[in-house]
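J.: Take this structure, written in structure tokens, and hold onto it; I'll ask about it next.
The values are calculated or read from the model by the stated rules, or taken from the named source; none is laboratory data. Note that the structure is a prediction, hence the values are computed from the model and not measured. With ideal geometry, Cβ positions are generated from the backbone for all residues, glycine too; neighbour counts draw on all protein chains shown. These area figures cover heavy atoms from the full protein model, side chains too; ligands, DNA and RNA do not enter into them. Shrake-Rupley method; radii C 1.70, N 1.55, O 1.52, S 1.80 Å.
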Amino acid sequence: MAMIERTRLWLIAVRDGFVMLLPLTALGIGAVLLNHFPWAPYRELTQACFGPDWVLGLKAVERATIGIFGLALSPLVAVRLSRLLPPPRALDEHLPPLAVGTLALANYLLCGAALQPGQPPVLDNLLQGMLVGVATAELLQRCGALRGLWPAGLPFGSDGQFFHALRITPAALLSSLSLLGAAWLLAPLLQIDGRCFDSLLAWINARADARQWLTLSAVLLNQLAWSVGIPGGHLLDMNAATLFAPVSGPPLPGRLWRPVFDSFVLMGGSGATFGLMLAMLFNSRPGATRRLAWLSLLPGSFNINETLIFGLPLALNRHFLPAFIGVPVLMAVLTLLAFDSGWLSLAISDASLVPWTTPPLVSGWLLTGSWRGVAFQALLLTLSAALYWPLVSRWERRREALGRQTLDATVAALLDDDPGAVPPLRRHDGVGGLARELLGELRRALAAGTLQQHYQPQVDTAGRCVGVEALLRWQHPRHGPVSPAAVVALAEQGGLIDTLGDWALETALACKARWNRLGLHSVVMAVNLSPSQLRHPDLAVRIEAELQRHGLRPQELELELTETRAVPALRDVDDTLQALARTGVRLSMDDFGMGYSSLLQLRRIQVHTIKIDGSITRDIVSSRSDADIVRSIAQLGQALGVQVLAEYVETDEQRRRLVELGCALFQGFLHSRPLPADECAALLRSASAGQPSDAIA
């Protein structure tokens, strides 16, 4: 595997690891916000009600969440990368994720012990977590080339986890020892400490324009660290005495107050991301980006932006990197100019009165005591949103393109008839995630009544409309129209097919009852029926009750069985089919000639109509083999006394050829596209009244 491709997989694994930290991030952000909420009455109230244990408890939550990010990141990266890399050659299968994750945890602690002997382990070192996670997966994969490390002949027995644990032990020992040795050799790279900047900062302090240089240094130090997932705020805290004026007491001439830096340069958190959140809210369609912006808005209002750092994520994201660094640099320059020119001035002498969690606009007023501070912050927010705006647009286009690709892949997987394929709802990739998301949204759409039915006329040789087919339509709010076949497959695999089938039947019968009041009694309503619905012994009784409730005759309803799905050869299914036939409801075989044992199905099921699949009729003019198939089906229909309907009829030439071959009914765009209920009723009424119509000939 080329090194560039390898590096790309590392970055993907690290990025996905950051995303999976979102639950910890949310808990940690909540604790930080409650602990540092910038309202004195709140702090006094909580102190009076809960005492010092309140603050200690919040700090404990912070240590247990954000405080263990490095430790938590290492197994996430290792497990993700081990699934992205090829399986070890000695195994021909991926390593068990539990073993990989456990080993990465141990390796993180071992490296910490090697870096700081005798000291408590540092659990929030994100750089160490990234490196250990990548190294663990890579070393295990490399060990896969050494077949001697993987014991042969181990009995699988009844406990698969024990088998895998025994098999991975030698490779795990070797990889951990290798990583431990590397930690000793590379200790300087794994111990990023604020002291390494002392010489640079001392040189800057000696300059006359030290405040400008120190402020820009603080911006770059903070942003570059966060861009690779290292908490830049920690580095600023380590160097606070050098970079900033003391919080208590008047500001020094050559220093900027840290609250001024937080309030005017880092509005919304590192990267001035309040502007990014505004751009995401107003420049993205409903979907993941906008939802993330809403989730980030509350903590971002208090200058806490870990949700975006690890959720978008901004860490290791080259798309947003120019703005992530450039926007706060520009805001720092403008802030320095505003204060140096005298347009802004500080109204307080103790910066501790303005905590770093004070929201934008509020902090501007408290620091300057003037509308100018508020107006300047509003200007900076507008500017940052404008600079992030085109990047969000590009990000959205990229996200939508990836979304379309994933949707296409999900639809293909749902329609895949390969019995050996893993069902989409059980997959753990993007296809599986989208399939489960679509299933939940389909369930909500059924409950909310947002699905639709369109109706496509069925025309005889004289041009009269004798029936319509009710067709499912789902206009997804983000993905647009979803293939009806995929929706049905999703409902079948997700246990919603009965609910969907009941909705389709009820909607179609209610529509037919309305049409009857308009005088359209002769039009037969065809509704698709999934073979799995035939397993319900009370299906015929329920359909008969629905017909009576809507005042319809059984002959006005035709149930279409999709021939591309096998009708289960079960006694209760046959009983249901016979019960349906006794009600007088018509039965038809849809997509005939494309699926499971067509002739056997006809012997079992008393059908009124055979519908020839469009893949056969589409090329009927040019394809002799398709013409022979249609002729045979038409002759079979005549012998059995059933009607033959051709689907996907789109041209006059195609229709004439189908008539010659023996077809009696036609459905397709030549006569009409599928129409909403009211439009279809108007079309049918105009046709029955003898008025000229462009849709029905």
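J.: Loop-only trypsin sites (Lys or Arg not before Pro) in the range 408-470, please: DSSP not H, G, I, E or B, and at most 11 other Cβ atoms within 10 Å. Can you show the working numbers first?
T.: Details: sites: R426, R427, R436, R443, R444, R464; in loops: R427, R464.
Sparse-neighbourhood loop trypsin sites (Lys or Arg not before Pro): none present.
J.: Can I ask one more? Among residues other than P390 whose Cβ falls under 11 Å from its Cβ, what is the net charge (Lys/Arg +1, Asp/Glu -1)?
T.: Cβ neighbours under 11 Å give a net charge of +1.
J.: Can I ask one more? What does the C-alpha gyration tensor say about the overall shape of the range 433-527? Classify as rounded when a/c is under 1.5, otherwise prolate if a/b is larger than b/c, or oblate. Mind dumping the intermediate values first?
T.: On the way: a/c = 2.60, a/b = 2.12, b/c = 1.23.
Prolate.
J.: Once you order the gyration tensor axes a ≥ b ≥ c over the Cα atoms, which shape class does the range 22-134 get: rounded for a/c under 1.5, otherwise prolate or oblate by comparing a/b with b/c? List each step's numbers first, then the result.
T.: Values: a/c = 3.94, a/b = 2.37, b/c = 1.66.
In terms of gyration-tensor shape, prolate.
J.: Right, another one. Whole-Hz ³J(HN,Hα) for each residue in the range 324-329, computed from phi via Karplus 6.51 cos²θ - 1.76 cosθ + 1.60 with θ = phi - 60°, x for glycine and proline: what do you get?
T.: Ordered by residue, 3J(HN,Hα) equals 4, 8, x, 4, x, 4 Hz.
J.: Here's another thing I want to ask about it. Defining a contact as two alpha carbons under 8 Å apart and six or more residues distant in sequence, what relative contact order in percent does the chain show? Please list the in-between numbers first.
T.: On the way: 1030 pairs, mean separation 58.3, N = 697.
Worked out over the chain, it gives 8 percent.
J.: If each DSSP helix of 4+ residues adds -39,500 (n - 2.57) and the sum is divided by the residues in the chain, what number results at 222 nm, nearest 500 deg cm²/dmol? Working shown, then result.
T.: Values: 29 runs with 401 residues, N = 697.
Here the helix-only value at 222 nm equals -18500 deg cm²/dmol.
J.: Suppose we flag GluC sites (Glu not before Pro) only when DSSP calls them loop and at most 15 other Cβ atoms lie within 10 Å. Which is the longest uninterrupted stretch of the chain? Working shown, then result.
T.: Working: sites that count: E93, E650.
Between exposed loop sites, the widest span is 94-649.
J.: Mind ranking 46-57, 73-84, 165-176, 294-305 by how tightly packed they are, going by the mean number of other C-beta atoms within 10 angstrom, highest first?
T.: For the peptides 46-57, 73-84, 165-176, 294-305, the packing ranking is 73-84, 294-305, 165-176, 46-57.
J.: Let me ask another. Quick check: Cα centre of the range 274-320 to Cα centre of the range 375-429, how many Å?
T.: Cα centres, the range 274-320 to the range 375-429: 14 Å.
J.: If you count only protein heavy atoms with a 1.4 Å probe, what accessible area per residue comes out for the chain, rounded to a whole Å²? Could you put the intermediate results ahead of the total?
T.: On the way: 32780 Å² over 697 residues.
Normalised by residue count, the accessible surface of the chain is 47 Å².
J.: Turning to a different aspect of this structure: Provide Rg and Dmax in Å for the range 306-438, with only Cα atoms included in the calculation.
T.: Gyration radius and largest Cα-Cα distance of the range 306-438: 23.3, 75 Å.
J.: For the chain, take the longest principal axis of its alpha carbons; what is the angle in degrees between that and the long axis of helix 371-414, to the nearest 10 within 0 to 90?
T.: 40
J.: Still on this structure, please answer the following. Given (i) 0.97; (ii) 1.11; (iii) 1.01, which label gives Rg/Rh (Cα atoms, Kirkwood Rh) as computed from the coordinates?
T.: Entry (ii).
J.: Could you state the angle between the C-alpha long axis of helix 22-35 and the longest principal axis of the C-alpha atoms of the chain, as a value from 0 to 90 degrees rounded to the nearest 10?
T.: The helix 22-35 is inclined about 50 degrees to the chain.
J.: Still on this structure, please answer the following. Once each part is reduced to its C-alpha centroid, what is the distance from the range 30-52 to the range 613-688 in angstrom?
T.: 74
J.: First compute the accessible area of the chain with a 1.4 Å probe, then give the percent of it belonging to carbon and sulfur atoms.
T.: Details: 20030 of 32780 Å².
Carbon with sulfur: 61 percent of the solvent-accessible area.
J.: Hey, another quick one. Tell me the net charge near S623. Cut-off is 14 Å between Cβ atoms, S623 excluded, with +1 for each Lys or Arg and -1 for each Asp or Glu. Let's see the in-between values first.
T.: Numbers: positive: R618, R624, R631, R657; negative: D613, D619, D626, D628, E653.
So the surrounding residues net to -1.
J.: Okay, next question. Nearest 10 degrees, 0 to 90: what angle lies between the long axis of helix 3-20 and the longest principal axis of the chain (Cα atoms)?
T.: 90
J.: According to the square roots a ≥ b ≥ c of the eigenvalues of the Cα gyration tensor, what is the shape class of the range 267-350, taking rounded for a/c under 1.5, prolate for a/b larger than b/c otherwise, and oblate for the remainder? List each step's numbers first, then the result.
T.: Numbers: a/c = 2.40, a/b = 1.89, b/c = 1.27.
Judged from the Cα gyration tensor, the range 267-350 comes out prolate (a/c at least 1.5, a/b above b/c).
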